[in-house]
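What follows is a short report on a single structure.
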Amino acid sequence: MASHITAPLHFPHPEAPPNGGIVEVAPGVRWFRLPLPFSLDHINVYLIEDNGGWAVLDTGIDDQITRDAWEAALAGPLAGTRLTRVIATHFHPDHIGLVGWLTERFGLPLAMSRTEYFFAQTLRANSDALRSAAHQAFYHDRGLANEISKSLRTQGLSYLSMVTGLPTTFTRLIAGQELRVGGRDFRIYTGGGHALEQVMLYCAADKLFFAADQVIAKISPNISVWPWEPAANPLGEYLQSLADLREVIAGDSFVLAAHNLPFVGVHSRIDTLLAHHRERCDLIAVATREKPCSAGELVPVLFQRPLDPHQTGFAFGEVLAHVNFMLEIGELAPVSVQAGNVMRVSSSA
Ligand SMILES: [Zn+2]
């Protein structure tokens with residue numbers, strides 16, 4: 001890929017509010033910072049002015065600390081105001097964790113993309129699938145040790161403890177349509193890769209882009225293949241989404257993402273993300289030119305630091321995303337194996 005001359009990002013609000021704090025970042029837009037119990041230790045929730053009330057964009061995870069932060073906000077900076085609806089960008093627990101709690105308590109409608117809504121419902125309804133032998137084989141057959149494969153098989157269940165469920169009805173957000181919130185019209189965009197049909201909102205008139213997890217200032221969002229769809233190509237979907245966004249989002253837009261600081265410089269950030277994934281593909285190409293490798297064997301090629309089993313699961317999913325993408329575009333070829341053997345790939349260049 002051609003190297004890009006990328007302008008540095010600009011951060012109009014260089015200080016994040018403290019956990020539980022709310023600040024106005026644009027007229028009628030409030031930034032609500034909530035803690036997360038992970039190494040990524042926060043999420044940005046946004047409140048968008050909505051005919052005298054506030055639409056809630058994502059909710060934070062369901063744990064006591066986050067509920068307490070909401071209670072404090074409702075009794076403090078949000079006292080006397082009205083919440084109008086919840087808009088959820090995707091099914092991950094930090095985004096929809098408190099949807100059930102908020103919508104039930106305040107009688108709020110939920111707006112979400114169809115795939116994200118039904119996928120979240122499926123995880124709750126069919127949690128046994130997360131323990132299935134096929135899910136363990138997914139890791140094992142691609143070169144992860146038995147011990148780790150077993151521990152990863154049950155890990156998905158922790159998702160259920162971090163979400164309060166969804167209301168039984170919702171309003172579908174459809175890519176390409178407009179969503180009116182208060183005095184603004186937002187164009188709805190959706191993208192794959194990090195999630196299945198993640199929603200982003202763009203107000204062209206005010207150059208406000210709510211990017212969710214698709215474009216974040218500092219971190220590269222997790223792009224993983226998961227056991228329920230082993231042949232998925234989320235990296236291909238993600239790269240396409242980034243290329244599409246680069247065409248339609250104005251370069252001087254104010255990007256309000258779900259993590260890190262809000263920023264200006266979306267084209268520059270997209271170029272960096274595209275180059276990052278190309279570099280990772282190149283590392284895999286070099287390694288698999290020497291000898292065929294399984295996805296498990298490629299984990300240390302992309303992740304040199306020691307990883308615990310939890311991190312290994314994410315790293316493996318990321319590696320497989322790059323492998324499946326490279327298989328799709330013909331940069332890798334599967335190495336034929338006898339039944340029972342580990343699946344390996346080799347560079348076709
Ligand atoms: Zn996410």
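Looking at F138, F186 in this structure, which one is more than 16 Å from the ligand (Cβ to nearest atom), under 30 Å from V264 (Cα atoms) and buried (at least 18 other Cβ atoms within 10 Å of the Cβ)? Selected residue: F186, the only one of F138, F186 that is more than 16 Å from the ligand (Cβ to nearest atom), under 30 Å from V264 (Cα atoms) and buried (at least 18 other Cβ atoms within 10 Å of the Cβ).
Being at pLDDT 90 or above and hydroxyl-bearing (S, T, Y) is a property that S336 lacks.
Just a yes or no: is a residue in the range 147-161 at pLDDT 90 or above, farther than 24 Å from D63 by Cα and touching a helix residue (DSSP H, G or I) at 6+ places or on another chain (Cβ under 8 Å)? Scanning the range 147-161, I find no residue that is at pLDDT 90 or above, farther than 24 Å from D63 by Cα and touching a helix residue (DSSP H, G or I) at 6+ places or on another chain (Cβ under 8 Å), so the answer is no. Only one entry in E197, E247 is within 16 Å of the ligand (Cβ to nearest atom) and not β-branched (V, I, T), namely E197. Applying a threshold of 8 Å to beta carbon distances and a minimum spacing of six or more residues, or different chains, the list of pairs starting in the range 85-111 at a residue that is under 13 Å from F170 (Cβ atoms) and ending at one that is away from the ligand (no atom under 16 Å from the Cβ) and among the charged types (D, E, K, R) reads R85/D50; L108/R85; P109/R85; L110/R85; A111/R85; A111/R172.
For the range 200-216, taking the residues that are assigned to a loop (DSSP other than H, G, I, E, B) and buried (at least 20 other Cβ atoms within 10 Å of the Cβ), the one that is nearest to the ligand (Cβ to nearest atom) is identified as D213. Within 26 Å of A26 (Cα to Cα) and at pLDDT 95 or above, is that true of L302? Here the answer is no, as L302 does not meet what is asked. Restricting attention to the range 87-123, the residues that are within 16 Å of the ligand (Cβ to nearest atom) and at pLDDT 95 or above total 20.
Screening G143 on (1) in contact with a helix residue (DSSP H, G or I) (Cβ under 9 Å, 6 or more places away or on another chain); (2) under 24 Å from P109 (Cβ atoms) shows it passes everything except condition (2). Given the structure, is A295 at pLDDT 95 or above and closer than 22 Å to T89 by Cα? No: the conditions fail for A295. Only one of the listed residues (A204, A195) is out of contact with any strand residue (DSSP E or B) (no Cβ under 6 Å at 6 or more places or on another chain), more than 29 Å from A133 (Cβ to Cβ) and modelled with pLDDT of 95 or more. That residue is A204. Apart from one condition, E279 fits all of (1) more than 30 Å from P27 (Cβ to Cβ); (2) without any contact (Cβ under 8 Å) to a residue 40 or more places away in the chain; (3) surrounded by 14 or more Cβ atoms within 10 Å (Cβ to Cβ); the exception is (3).
One residue stands out among those in the range 217-231 that are under 25 Å from G176 (Cα atoms) and among the hydrophobic types (A, V, I, L, M, F, W, C): the one that is farthest from the ligand (Cβ to nearest atom), which is A217.
Only a single criterion out of (1) touching a residue at least 24 places away in the same chain (Cβ under 8 Å); (2) more than 14 Å from A212 (Cα to Cα); (3) more than 18 Å from the chain's Cα centre (by Cα) is not satisfied by L239, namely (3).
The values are calculated or read from the model by the stated rules, or taken from the named source; none is laboratory data. Just so we're clear, the structure is a prediction, and the values are computed from it rather than from any experiment. We place every Cβ from the backbone using ideal geometry, glycine too, and count neighbours over all the protein chains shown.
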